[in-house]
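Here's the structure, in structure tokens; my notes come after.
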Amino acid sequence: MASPTPQQDQWTAVDEYYAKLLMSPDAALDAALADSAAAGLPQINVAPNQGKLLHLLAKMNGSQRILEIGTLGGYSTIWLARALPAGGKLITLEYEPRHAEVARKNIARAGLADRVEIRIGPAIESLPKLAGSAPFDLVFIDADKVSTADYFTWSLKLTKPGSVIIVDNVVRKGAIADPRGDESVQGIRKFNELLSKEKRVDATALQTVGTKGYDGFVIARVK
Ligand code: SAH
Ligand code: DHB
Ligand code: MG
């Protein structure tokens, strides 16, 4: 990897400063990251402060049913599932059985196996089977970026007024503003076009910097 820019060092230092102040030591989350890394999973989980943001948003809208698209090792899953009340449910969709297996263990160790269901397969095949579990109060879209517009379209079918839809990786080191970006950027730009015309939601985009570099989230609320 290229050596970090001075800016990156500063972003990391500030994340660490706030983590010390606002984040509690958390054995289950630490173990989830350690075992994900040991299993060779890509280290592209949300950062701790971003995980806590997801958790807070789920609490703020009183989420009882949560849908996640893109599980990886279950790090964001754990943050989100911990926001659920007793009887709440989170369904998370993952294409790679190997990722799902690591996630299953991480989620069980966090004491959340009763609330979380992992559905293995291409998300685009799992989504049409979710009508019986809908409406979801919160959807976190964080899988293959080329399909983000399709996942958003499904999310609208599976939510209700007041639901929150969050999309990760909408900035990509600023590449999103360049119409000639790679296929992931094209995927997010296609989603953004759809979002801009969608009357059923209010939405904003937030740029983020920190340990994970420079990226961002779209946060939308179903009207
Ligand atoms: N939300 C996780 C990170 C997800 S990384 C976290 O923050 O902790 C993206 C995940 O999406 C990877 O595990 C990848 O295997 C999965 N994925 C990629 N394409 C997919 C598809 N078509 N359907 C479902 N999952 C997919
Ligand atoms: C990548 C994917 C992500 O979901 C993310 O948060 C960061 C990076 C990637 O595929 O590179
Ligand atoms: Mg992501």
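Brief remarks on what is shown
- Residue within region 147-157 that is among the polar types (S, T, N, Q), within 13 Å of ligand 1 (Cβ to nearest atom) and modelled with pLDDT of 95 or more present: yes
- When residues of region 42-65 are limited to those that are touching a strand residue (DSSP E or B) at 6+ places or on another chain (Cβ under 9 Å) and either of a type in the set (D, E, K, R) or away from ligand 3 (no atom under 16 Å from the Cβ) (or both), the one nearest to Ser126 (Cα to Cα): Arg65
- Residue match in region 79-94 (condition: free of Cβ contacts under 8 Å to residues at least 60 places away in the same chain, surrounded by fewer than 24 Cβ atoms within 10 Å (Cβ to Cβ) and within 12 Å of the chain's Cα centre (by Cα)): no
- Within region 164-182, the only residue that satisfies the criterion of being within 11 Å of ligand 2 (Cβ to nearest atom), surrounded by fewer than 16 Cβ atoms within 10 Å (Cβ to Cβ) and on the phi < 0 side of the Ramachandran plot is Asp182.
- Hey, Ala28 over 10 Å from the mean Cα position of the chain (by Cα), within 12 Å of ligand 1 (Cβ to nearest atom) and either over 17 Å from Lys105 (Cβ atoms) or not acidic (Asp, Glu) (or both) or not: no
- Meets criteria (part of a helix (DSSP H, G or I), of a type outside the set (Val, Ile, Thr), under 28 Å from Ala203 (Cα atoms) and in contact (Cβ under 8 Å) with a residue 40 or more places away in the chain) for Ser126: no
- If the condition is being part of a helix (DSSP H, G or I) and either surrounded by 14 or more Cβ atoms within 10 Å (Cβ to Cβ) or among the acidic types (Asp, Glu) (or both), then region 21-36 contributes Ala28, Leu29, Asp30, Ala31, Ala32, Leu33, Asp35, Ser36.
- All of Pro179, Pro161 fail the test of being in a loop (DSSP other than H, G, I, E, B) and more than 19 Å from Leu54 (Cβ to Cβ), apart from Pro179.
- Positions within region 159-183 being in contact with a Ser or Thr (Cβ under 9 Å, 6 or more places away or on another chain) and either within 15 Å of ligand 1 (Cβ to nearest atom) or modelled with pLDDT under 95 (or both), in sequence order: Ile165, Val167, Asp168, Asn169, Val170, Arg172
So that you can scan it fast, the table gives a plain yes or no per residue for (1) away from ligand 2 (no atom under 14 Å from the Cβ); (2) more than 28 Å from Lys160 (Cβ to Cβ):
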| position | (1), (2) |
| --- | --- |
| Gly40 | yes, yes |
| Ile66 | yes, no |
| Ser76 | no, no |
| Ile91 | yes, no |
| Asp114 | yes, no |
| Ile118 | yes, no |
| Ala123 | no, no |
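- The set of residues in region 54-63 being away from ligand 2 (no atom under 16 Å from the Cβ) and either under 20 Å from Tyr151 (Cα atoms) or buried (at least 24 other Cβ atoms within 10 Å of the Cβ) (or both) consists of Leu57, Ala58, Ser63.
- Screening Ala39 against (1) within 23 Å of Gly87 (Cβ to Cβ); (2) away from ligand 3 (no atom under 16 Å from the Cβ) leaves a single unmet condition, (1).
- Taking the criterion of being surrounded by fewer than 11 Cβ atoms within 10 Å (Cβ to Cβ) and under 20 Å from Thr159 (Cβ atoms), no residue of region 183-192 qualifies.
- Qualifying residue in region 193-200 (condition: without any contact (Cβ under 8 Å) to a residue 60 or more places away in the chain and surrounded by 16 or more Cβ atoms within 10 Å (Cβ to Cβ)): yes
- Among (1) under 17 Å from Ala203 (Cβ atoms); (2) within 16 Å of ligand 3 (Cβ to nearest atom); (3) surrounded by fewer than 19 Cβ atoms within 10 Å (Cβ to Cβ) - the single one Tyr151 does not satisfy: (3)
The values are calculated or read from the model by the stated rules, or taken from the named source; none is laboratory data. Being a predicted model, the structure only gives us computed values, none of them experimental. Cβ: placed from backbone, ideal geometry, glycine included. Neighbour counts: every protein chain shown.
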